[in-house]
Amino acid sequence: MPARPFLFASLLVAGVAAFAAPASSPSTARFKIVETSHQVVDLSAFSQPEQVSHIVKSTFVTVTSSDSAGGRAVKVVIDSVRADSVDSPQPIPPAIFDSLRGAAATGWIGPDGKLTLATDTTSRGAAAGMQVRALFPQMRPRAKVGDHWTDTTEVNGSGNGLMANAVTRRITNWAVTAEQTVNGVKARKFDAAFSQSMTGEMAGPQGSMSIDGTGTGTATYFLASDDRLVGAQSTLTLQVSVTVPQAAEPIPVNATITSVVTSIR
């Protein structure tokens with residue numbers, strides 16, 4: 001039996017890592033998001049060696065936002081996605097990345113910083129929706145240096161059928177720790193440390209797969225005085241078990257995902 005389903009599962013799990021913050025005034029901004037994903041899939045249940053992949057990809061997005069009903073309406077458009085480096089038993093065809101060009105998703109951020117994402121059941125819409133969630137985490141508006149707080153968030157599915165029954169719960173400890181200049185802009189430094197769990201089901205090339213896993217991570221965000229993001233980075237480590245009918249026991253998947261967000265002027 002080929003190992004492709006397990007790489008597919010781990011790549012979907014990796015999509016939970018990313019970041020940014022809402023702007024406080026109508027704006028248009030562009031970002032480059034570089035994500036490095038290193039994944040190891042234990043296929044000993046099939047008497048096969050470990051499947052190791054190391055993928056680096058860059059995503060370019062345009063973000064627009066405007067005041068709406070006491071909160072903010074936001075839209076993310078994927079301008080392009082490219083594979084910078086692919087070392088994998090199953091290389092990813094460039095057409096997969098090319099198909100995401102122009103994908104868009106919208107959402108609304110309430111006064112409390114919580115995001116409500118508009119549902120799009122297409123695969124392109126789901127991919128863009130994941131970027132909206134990544135670029136607008138739940139963050140306390142107008143936080144200042146010295147503030148500390150804890151948020152608990154829950155995401156149900158990814159916006160389409162692939163992970164419609166999967167639930168990711170995350171607890172994040174936030175702290176605004178300093179002010180410094182980033183790319184010529186005076187910014188507040190937001191530090192985050194989080195833990196998460198994921199359970200549920202997802203669709204794969206060879207049928208339904210159950211997932212159960214945990215993760216921990218850290219992130220740093222730099223926000224200007226008007227809450228514009230000017231830079232960020234994060235690291236997420238995941239331990240996931242994937243259960244499929246063809247295997248007598250769960251398939252362990254370990255992954256480390258690092259992301260860097262850069263503002264494009």
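The values are calculated or read from the model by the stated rules, or taken from the named source; none is laboratory data. Note that the structure is predicted; figures quoted are calculated from it, not measured. All Cβ positions, glycine included, derive from the backbone under ideal geometry; neighbour counts span all protein chains shown. The protein model used for the area step is the full one, side chains on, heavy atoms only, and it has no ligands, DNA or RNA in it. Shrake-Rupley method; radii C 1.70, N 1.55, O 1.52, S 1.80 Å.
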Which one of these does V77 not meet: (1) open to solvent by 30 Å² or more (accessible area, probe 1.4 Å); (2) touching a Phe, Trp or Tyr at 6+ places or on another chain (Cβ under 6 Å)?
(2)
Count of residues meeting criterion [surrounded by 12 or more Cβ atoms within 10 Å (Cβ to Cβ) and part of a helix (DSSP H, G or I)] in the stretch 90-101:
2
Output for the stretch 218-245, where each listed residue is in contact with a Pro (Cβ under 8 Å, 6 or more places away or on another chain) and part of a strand (DSSP E or B)
Q239, V240, S241, V242, T243
Search result, residues across the stretch 102-117 that are open to solvent by 30 Å² or more (accessible area, probe 1.4 Å) and within 17 Å of the chain's Cα centre (by Cα)
A104, T106, K114, L115, T116, L117
Close pairs (6 angstrom Cβ cut-off, 6 or more residues apart or separate chains): in contact (Cβ under 8 Å) with a residue 40 or more places away in the chain in the stretch 45-69, of a type outside the set (A, V, I, L, M, F, W, C) and assigned to a loop (DSSP other than H, G, I, E, B) anywhere
A45/E249; Q51/P89; S53/S88; S66/P26
State whether one or more residues within the stretch 177-190 are aromatic (F, W, Y), open to solvent by 10 Å² or more (accessible area, probe 1.4 Å) and in a strand (DSSP E or B).
no
